[in-house]
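Have a look at the structure below, then the notes.
FYI, it's all coordinate maths here, none of it is from the lab. Values in this document were obtained by computation on a predicted structure and should not be read as measured data. Don't worry about glycine lacking a Cβ; one is built from the backbone with ideal geometry, like all the others, and counts go over all protein chains shown.
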Amino acid sequence: MHIVLDGVLRRPDDALAIEEDAPVTATILDDAGRPRAVETVEPGELAAFVAQRERERPRWVWSTAADWYPVLLASGVRIERSHDLRLVAAILDREWDGADPVAEHRAQLERIDRAPERRRLELLVAAESAGALIAVELRHAGLPWSAEEHDRLLTELLGPRPATGRPAALERLHREIEAALDGASVNPDSPQDLLRALRAAGLRVDSTRACALKSIDHPVIPPLLEYRALARLAAAHGWAWLEAWVRDGRFHPEFVPAGVVTGRWASVGGGALQLPHQVRSAVRADPGWVLVVADAAQLEPRILAAMAGDAAMLAAGADGDLYAGLVAAGIAADRRQAKVAMLGALYGATTGDSGRLMPRLAKAYPRAIGLVEAAARDGERGRRVRTWLGRASPPAGAAGSPQQARARGRFTRNFVVQGTAAEWALCWLGGIRGRLTAAFPGRWPSAVPHLAFFLHDEVLVHTPEAHAERVAAILVDAADDAGRLLFGSPPGTFPISIGVARDYAAAKP
DNA sequence: CACGGGTGCGCG
DNA sequence: AAAGCGCGCACCCGTG
């Protein structure tokens, strides 16, 4: 059964919600997709209506989870399944203005039904919709955050929080920088001014980026690099960040499913996907609880091997560390070199270490390398490429210069792998959610293990300590499920590494 | 004063 | 000059 919700429903944080909300229309469809009944629901009754109907395990069809689900969660109502019209419209390349969800839903199902790779597209639609639910649930649950630990860490690195102006450490480093430049005054926050000052001191530099400065031997460089790192910490994840984004011991970022063209998630507010390792010790489980952190090992190369059905490359990853497998196979001298070579193949490197290793990779793994080379050629010719489950790259603009064509090729080369890895991660997430819900009935999220963070190929579950072992097993099982769903691959094709600790930094060394 | 491009750097 | 992929955010600084 499907139930299509239509109406103007605003987010719970919108102060005008009550006055402006119009009644909601719920259209109940039978298994053939034909409308069987229409009900009108007052916004105030929506959560109760959904909770009641959820017992029949319908698939809820709505504009997008971000429109509807926050208010349901705020009322304590979770749902199992949805069809996210806005996200699916994007996958199907359909323009949709939000009008008539019933008609749009019917049109989407027809389109999916006629697709040549119907089973894959159905999986993508289900995984994308499940991801949309999870994104809202992640925001609702929040990432457990110790303001006390964060403040301790900032004070240790920057000095006590200043009432006004810059922290003491930055003032001291600024003075050291100017002293090293023979007293010349300089604004280290201004690349222009900094470049001028460095040149005036006789340094031949054309950029003030850290990687360019590191190779220079001059007394101004160490305090300058330290200033940069600390100034960034203060600006991006300092006390102001803490006040803006952490409430009641939780960081509640907004996740945006498919916010990236490849299908990866993006985030809005607080830089959730850029949390520096520096502050991760502030991510701290509640008393009696722990964090179970898991990440998929060498996900993108493994995805490429599975997509290409490259038996040699799959074998290189069979012992748990694909880069070590490349070394054992004689492709690279050491693990670091193996990693650089592999990433170069995925990104389209032509120069440097990784560029030089490409011929050896191509010889050892012709099917895998052939797949990304073909994607690159398609992109260079202005063609669109598709992920394993069928998400298409955006159309190319008008034909440009050869340089632009090559850039397009690097994009499409990476698109097929990054996009398919995102699909695997969605299936993993969906599997984790389903298994956690089945294994731990109870008040969500405060009483049961729950997803608390997601970072492309990494998840964090906040759980009572007693359940950590079961949660870890669920994360492994769900990774195996994801591999089977996408590729029919055996367990262990996508190994994950797991850490359990009170804080994020300790759980993920 | 707001806006937006450029720069730099955090993450995968 | 261009440069291995995808992002978000803070800051500077020129423009209107």
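The angle between the Cα long axis of helix A:168-180 and the main principal axis of chain A comes to about 40°, on a 0 to 90 degree scale.
When you restrict to C-alpha pairs under 8 Å that are six or more residues apart and normalise by the size of region A:148-240, the relative contact order lands at 31 percent. With both labels modelled 7 Å from their Cα along Cα-to-Cβ, the A:Arg470 to A:Asp206 distance reads 6.2 nm. Taking one quarter of the surface of the convex hull spanned by the alpha-carbon atoms of region A:66-154 gives a direction-averaged projected area of 8.6 nm².
For region A:2-142, the gyration tensor built on C-alpha atoms gives a prolate shape. Its axis ratio a/c (a ≥ b ≥ c) is at least 1.5, and a/b is the larger of a/b and b/c. Multiplying each eigenvalue of the alpha-carbon gyration tensor of region A:356-509 by 5 and taking the square root yields semi-axes of 38, 17, 15 Å, largest first, rounded to whole angstroms. Segment A:Glu171..A:Ala329, full-extension length gain: 51.6 nm, with 0.36 nm per residue of separation and the alpha-carbon distance subtracted. Round to the nearest 10 and give me the degree value, 0 to 90, for the angle of helix A:147-158's Cα axis relative to the longest principal axis of chain A. The angle comes out at about 20 degrees. Taking a straight line from the alpha carbon of A:Lys508, these lysines sit under 27 Å away, with near neighbours fewer than eight places off in the same chain left out: A:Lys339.
Mean sequence separation of contacting Cα pairs (under 8 Å, at least six apart), scaled by the length of region A:2-142, corresponds to a relative contact order of 23 percent.
Computed over neighbours whose Cβ is under 13 Å from that of A:Ile216, the net charge equals +2, Lys and Arg +1, Asp and Glu -1.
At most 13 other Cβ atoms within 10 Å and a DSSP loop assignment: could you name the GluC sites (Glu not before Pro) in region A:28-76 that fit? Hits after loop and neighbour filter: A:Glu56. One way to sum up the overall shape of region A:439-483 is the equivalent ellipsoid from its Cα gyration tensor, whose semi-axes run 19, 13, 9 Å, largest first.
Straight Cα distances below 14 angstrom link A:Lys214 to the aspartates and glutamates A:Asp206, A:Glu226, with same-chain residues fewer than 8 positions distant left out. Treating each Cα of region A:299-419 as an identical point scatterer and summing with the Debye formula, the log10 of I(q)/I(0) at q = 0.11, 0.15 Å⁻¹ comes to -0.35, -0.64. With respect to chain A, whose longest principal axis is taken over its alpha-carbon atoms, helix A:101-114 is tilted by about 80°. Under the shape rule built on the C-alpha gyration tensor, where the axes satisfy a ≥ b ≥ c, region A:148-240 is prolate, since a/c reaches at least 1.5 and a/b is greater than b/c.
According to the square roots a ≥ b ≥ c of the eigenvalues of the Cα gyration tensor, what is the shape class of chain A, taking rounded for a/c under 1.5, prolate for a/b larger than b/c otherwise, and oblate for the remainder? Cα axes put chain A in the oblate bin. Close amide H partners of A:His83, meaning residues 5 or more places away or on another chain with modelled amide H under 5 Å apart, are A:Trp60, A:Val61, A:Trp62.
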